[in-house]
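Structure first, then comments.
The values are calculated or read from the model by the stated rules, or taken from the named source; none is laboratory data. Just so we're clear, the structure is a prediction, and the values are computed from it rather than from any experiment. Note: ideal-geometry Cβ built from the backbone for every residue, glycine included; neighbour counts use all protein chains shown. Heads up: the accessible areas ignore ligands, DNA and RNA and are worked out on the full protein's heavy atoms, side chains in. Shrake-Rupley method; radii C 1.70, N 1.55, O 1.52, S 1.80 Å.
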Amino acid sequence: MKKTIKEVIVVEGRDDISAVKAAVDAEIIQTNGFAIRKKGNIEKLRVAYENKGIIVLTDPDFVGEELRKYILKFFPEAKQAYISRREGTKDGDIGVENANPEAIIKALENAKCEVVQNTEAIFTMEILMDHKLSGFTESKELREKLGTELRIGYSNAKQFLSKLNRYGITMDQFLAAIDNIKKTKEN
């Protein structure tokens with residue numbers, strides 16, 4: 001059974017996500033390289049950093065190091081995970097996506113990641129639908145407002161459900177945030 005990592009792992013690209021998911025169970029944010037500099041992208045990392053902490057796992061190359069430095073300017077306490085160039089090289093291509101699961105696990109352990117026990121998910125898709133957060137015309141807008149209220153950011157319904165469960169949001173926090181949104185709407 002894969003280890004569940006508490007912190008959010010920050011990687012560069014989609015293929016890196018696949019490699020990390022093959023190694024561990026974790027929330028992962030993709031920077032899309034230097035697109036992280038676009039407005040709003042650092043905010044996604046800030047939410048993760050404040051809620052769960054982040055582990056930066058970028059490619060063992062020049063661009064990866066530059067991204068790491070850029071992220072650390074905003075989040076100096078972020079944990080750092082490193083794979084070696086040898087572990088990340090395949091057919092002349094260098095990247096996290098080329099590392100085997102053992103190398104990724106070793107890098108995360110060396111970064112002092114926190115392993116958590118898989119807990120029962122509190123939130124379900126039915127709960128989202130009951131509160132009109134999925135399947136309704138106003139769902140996107142409600143998820144956006146609730147994401148802001150809970151400080152977990154906007155996501156589609158499936159990702160929102162994952163964030164609610166992974167970020168340790170309680171049912172009381174969820175219901176209080178929904179009540180705040182309703183009160184704001186009434187005024």
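Looking at 104, 55, 36, 83, just one residue is open to solvent by less than 20 Å² (accessible area, probe 1.4 Å), modelled with pLDDT of 95 or more and under 26 Å from residue 146 (Cα atoms), and that residue is 55. So which of 181, 94 ends up being in contact with a Gly (Cβ under 9 Å, 6 or more places away or on another chain) and either surrounded by 19 or more Cβ atoms within 10 Å (Cβ to Cβ) or free of Cβ contacts under 8 Å to residues at least 40 places away in the same chain (or both)? Going through 181, 94 in turn, the sole match is 94.
Based on this model, can you work out whether residue 20 counts as open to solvent by 40 Å² or more (accessible area, probe 1.4 Å), at negative phi, among the β-branched types (Val, Ile, Thr) and part of a helix (DSSP H, G or I)? In short, no. Pairing residues of the range 6-19 that are within 22 Å of residue 165 (Cα to Cα) with residues that are outside any helix (DSSP H, G or I) and among the charged types (D, E, K, R), at Cβ distances under 7 Å and at least 6 apart in sequence or on separate chains, gives 6/52; 6/114; 7/52; 7/79; 7/114; 8/27; 8/52. Of everything listed in (1) surrounded by 13 or more Cβ atoms within 10 Å (Cβ to Cβ); (2) more than 12 Å from the chain's Cα centre (by Cα); (3) at pLDDT below 90; (4) farther than 17 Å from residue 107 by Cβ, the single unmet condition for residue 3 is (4).
For residue 105, the criteria (1) part of a loop (DSSP other than H, G, I, E, B); (2) within 22 Å of residue 23 (Cα to Cα) hold in every case but one, which is (1). When the range 145-173 is filtered for residues that are among the hydrophobic types (A, V, I, L, M, F, W, C) and within 14 Å of residue 134 (Cβ to Cβ), the ones remaining, listed by number, are 146, 157, 160, 161, 164.
Select from the range 142-166 the residues that are over 15 Å from residue 125 (Cα atoms), outside any helix (DSSP H, G or I) and open to solvent by 20 Å² or more (accessible area, probe 1.4 Å) and list them in ascending order. Once the filter is applied, which keeps residues that are over 15 Å from residue 125 (Cα atoms), outside any helix (DSSP H, G or I) and open to solvent by 20 Å² or more (accessible area, probe 1.4 Å), the range 142-166 yields 151, 153, 154.
Let's see how each residue does on (1) at positive phi; (2) charged (D, E, K, R):
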position: 87; (1), (2): no, yes
position: 92; (1), (2): yes, no
position: 130; (1), (2): no, yes
position: 135; (1), (2): yes, no
position: 141; (1), (2): no, yes
position: 176; (1), (2): no, no
